[in-house]
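What follows is a single structure, written as structure tokens, with notes after it.
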Amino acid sequence: MKNFSSATSILAGDELLSINGQSIRKIISVLFSLIPSDGYNLTMKYRALYLQFPNWYRDIDLSEDFNVVVKHDNAEKTYQLKGQNLMTSCKTDFYENR
């Protein structure tokens with residue numbers, strides 16, 4: 001939804017393919033096993049990741065630096081990114097958009 005990194009060429013709509021060598025499919029599978037829900041409800045799990053992906057991702061990877069592969073216009077590009085403080089980023093974004 002929002003790019004908090006210094007890599008301004010990563011745009012809304014780009015497809016995130018992997019983080020630190022792990023495919024997004026694998027990451028989602030692992031995170032789904034951590035997110036509680038009633039029965040076989042996947043809707044709530046997707047919603048939890050949509051709203052709080054950074055928080056859930058920290059449960060499986062405590063890295064401070066990230067190797068991210070992104071697909072833009074059918075071309076893959078790899079970025080080396082520094083982790084961001086989510087609370088600082090969210091506060092800054094909140095106050096800038098008021």
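Quick look at the numbers
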item: Gained length - F4 relative to L34, 0.36 nm times residue gap less alpha-carbon distance; result: 8.3 nm
item: Label-point separation, Q52 to Q22 (7 Å along Cα→Cβ), nm; result: 1.8
item: Å² of accessible area per residue within segment 1-86, as computed with a 1.4 Å probe and no ligands counted; result: 73
item: Solvent-accessible area, 1.4 Å probe, carbon plus sulfur percent, for segment 1-60; result: 56
item: Order of exposure, largest accessible area first, which applies to D73, D65 with probe 1.4 Å; result: D73, D65
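The values are calculated or read from the model by the stated rules, or taken from the named source; none is laboratory data. For clarity, every value in this text was computed on a predicted model and none was experimentally measured. Virtual Cβ from ideal backbone geometry, glycine too; neighbours counted across all protein chains shown. The accessibility values were calculated without ligands, DNA or RNA, using every heavy atom of the protein model including side chains. Shrake-Rupley method; radii C 1.70, N 1.55, O 1.52, S 1.80 Å.
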